[in-house]
Amino acid sequence: MDEMTVIMKRFLLPAMLVAMLLAGTVMAEASPELTDARATAAYWTQRNPQGDELLLTPAQVEAENAVLRRRNATLADLSALPESVSGAEVRERIEKVQAIGDFATASLPDLYKNGSALTAYSYSFARKNCNLAALPERTETRYGVVTRRANLRLLPEAAGWFESAGDVHYDTLQATALDPAEPVAVLGDSYDKKFAFVRTRFYDGWLAKEDFAETDRATWENFVHPADFAVVTANKKTMENGAGESLLFQMGAKIPLAAGADGDKVLLMPVSDNGTLQIKRRPPAFDATLHEGFLPCTENNFVRQGFRFLGDEYGWGGLDDSVDCSSFVGDVYRSMGIELPRDADQQAKSMANVIDLSGMGEADRLAALESCVPGTLLANNTHVMMYLGQDDAGTPIVLQSMSSWFSFGSDYGKHYLRKVIASTATFLNFSGVPYIDGVHYLGSLR
């Protein structure tokens, strides 16, 4: 959910513009988006005839996930969670989530709600709604399953809080989006009883109670680690839940399978009956959008899956029914069974093979990237991209969900693109240098 740009220092860009004017280099610049053959999956898969060989077997995928969980505390094997948790731990988790959005203090943030300045009352109630004062010494873990695409929030508040009155896209309360059939562990309730504080496989946060249903642990475990399951392989897919509701799933969503009455497999679709989980059995239609089990983990599948998102809208924290930079790469990876952390700054450096680019010049950075395989992540504190390879000219090309880009010519400034694109890895970043110069880590499976 990390926007790729940071706030420019007031003197930096004007100084750069003056330098360009003096050098006579100012000209209008185009978007970094590539629209030629390099912006197709076929261009890259045809160049990589060995790209359909397995990188990791299913057993090695599980081992990789164990490595990722050891390296990053945000990732959890939910089935290993205890049946009760101390109130002190729940408090600590709630306060950590508050701190992600700078909501851990009573200081009123300069934000907007419903087009007007956020009031002290709205802010104080949202914090009160976290219900910290009512936390018991120990709480019993409850078990839930998401029943429709849902927003995980940093505070128990449904309305968006934005940095400007007219913004409708960059909600500062948004943590991430959850797909139907996603299991959650419930650790507490909001003061108004409309939200629950939950743990998911990769994030903590507040989930509206209308968006999930509770069940017993044994039923829940079948959603955590189903013995048999289907995986959504399209960028997004809509399916009926068997109760008259059409559900939106995004790439990588996992739905348990079971044997039907006639021996054919059926999807176990979660439905809420006044907050209690009910299971509706639906026949699957396996095709290019829904796969039985995970896709094989190969270089070419990283490419193919990534290009399924091409042209989709940038969706901050999964808003606008789409992906931001980190959910884009996360969804590509999870379609092959790899569970990445949610946030860009943690994704690349949590992987088994990490190249730290600190202190490297541009030539060494490009050489390090040249040695990487398709699917490698390029990440810094605010953005992540996925490597495709080098084009005929030796230029490194990436896929990314881009929020905005900067130009330094006659159209000098910040431009919102809000789109999944193919681009070079050397387009200019906010400070006017090739983007590769600001990448901190390269992360890959091997």
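Assorted remarks:
- Its DSSP H runs of at least 4 residues, each contributing -39,500 (n - 2.57), put the calculated 222 nm mean residue ellipticity of the chain at -6000 deg cm²/dmol, to the nearest 500.
- Cα gyration tensor shape of region 115-173, rounded if a/c is under 1.5, else prolate or oblate by comparing a/b with b/c: oblate
- Here the extension length gained between S107 and A120 equals 3.8 nm, from 0.36 nm per residue of separation less the Cα-Cα distance.
- Cross-link partners for K128 among the lysines, with Cα-Cα distance under 27 Å and sequence neighbours closer than 8 places in the same chain left out: K96, K113, K193, K194, K209.
- Rounded FRET efficiency, nearest 0.05, which uses the C-beta distance separating D364 from S84 and R0 of 51 Å: 0.50
- Debye-sum result for region 226-281 in log10 I(q)/I(0), which assumes one identical scatterer on each alpha carbon, at q = 0.13, 0.15, 0.20, 0.28 Å⁻¹: -0.34, -0.46, -0.80, -1.20
- Neighbourhood charge, 15 Å Cβ-Cβ cut-off, centred on E53 and excluding it, Lys, Arg +1 and Asp, Glu -1: +1
- Rg over Rh, two decimals, region 153-288 (C-alpha only, Kirkwood Rh): 1.00
- Taking 7 Å steps out from each Cα toward its Cβ at D273 and A258 produces label points 1.3 nm apart.
- Using a probe of 1.4 Å, the accessible surface attributed to W405 totals some 30 Å² when neighbouring protein chains are kept in position.
- Relative to the compact-globule estimate of 2.2 N^0.38 Å, the Cα radius of gyration of region 350-423 comes out at 1.23.
- Summed side-chain charge close to V145 - residues other than V145 whose Cβ falls under 9 Å, Lys, Arg +1, Asp, Glu -1: -2
- Scattering curve values for region 273-362, log₁₀ I(q)/I(0), Debye with Cα scatterers, q = 0.14, 0.23 Å⁻¹: -0.71, -1.22
- Value of Rg to Rh for region 290-337, rounded to two decimals, is 0.99; Kirkwood radius and Rg both from alpha-carbon coordinates.
- Calculated diffusion of region 314-445, Stokes-Einstein form, Kirkwood radius summed over Cα pairs, 20 °C and 1.002 mPa s, µm²/s: 143
- Were the residues from D167 through R91 laid out at 0.36 nm apart, the gain over their Cα-Cα distance would be 24.2 nm.
- The alpha-carbon atoms of region 309-388 define a convex hull whose volume equals 104 cubic angstrom per residue.
- Sites listed here are GluC sites (Glu not before Pro) in region 23-94 whose DSSP assignment is loop and whose Cβ has at most 15 other Cβ atoms within 10 Å: E53, E83.
- Rg(Cα)/(2.2 N^0.38 Å) for region 50-123, N = residue count: 1.81
- When its C-alpha radius of gyration is set against 2.2 N^0.38 Å (N residues), the chain gives a value of 1.01.
- Label sites at K237 and Q46, each approximated as a point 7 angstrom past Cα along Cα to Cβ, lie 2.8 nm apart.
- The residues I100, I421, sorted by heavy-atom accessible surface at 1.4 Å with ligands and nucleic acids left out, run I100, I421 from largest to smallest.
- Solvent exposure of T395, expressed as accessible area, is near 40 Å², computed with a probe of 1.4 Å over the protein chains only.
- Accessible-area composition of the chain, carbon plus sulfur, in percent [1.4 Å probe]: 52
- Three semi-axes of the equivalent ellipsoid, region 233-389, Cα gyration tensor, whole Å, largest first: 36, 17, 13
- The residues of the chain have, on average, 42 Å² of accessible surface per residue, using a 1.4 Å probe with all protein chains present.
- For region 249-321, the Kirkwood estimate of the hydrodynamic radius, built from every pair of different alpha carbons, is 15.0 Å.
- Restricting the trypsin sites (Lys or Arg not before Pro) of region 183-239 to loop positions (DSSP other than H, G, I, E, B) with no more than 11 neighbouring Cβ atoms within 10 Å leaves K193.
- Theoretical gain in end-to-end length, D392 to T57 [0.36 nm per residue, Cα-Cα removed]: 117.5 nm
The values are calculated or read from the model by the stated rules, or taken from the named source; none is laboratory data. Not measured: the values here are computed from a predicted model. Neighbour counts are summed over all protein chains in view; Cβ atoms, including those assigned to glycine, are modelled from backbone coordinates with ideal geometry. Keep in mind that these areas ignore ligands, DNA and RNA; they rest on the heavy atoms of the full protein, side chains included. Shrake-Rupley method; radii C 1.70, N 1.55, O 1.52, S 1.80 Å.
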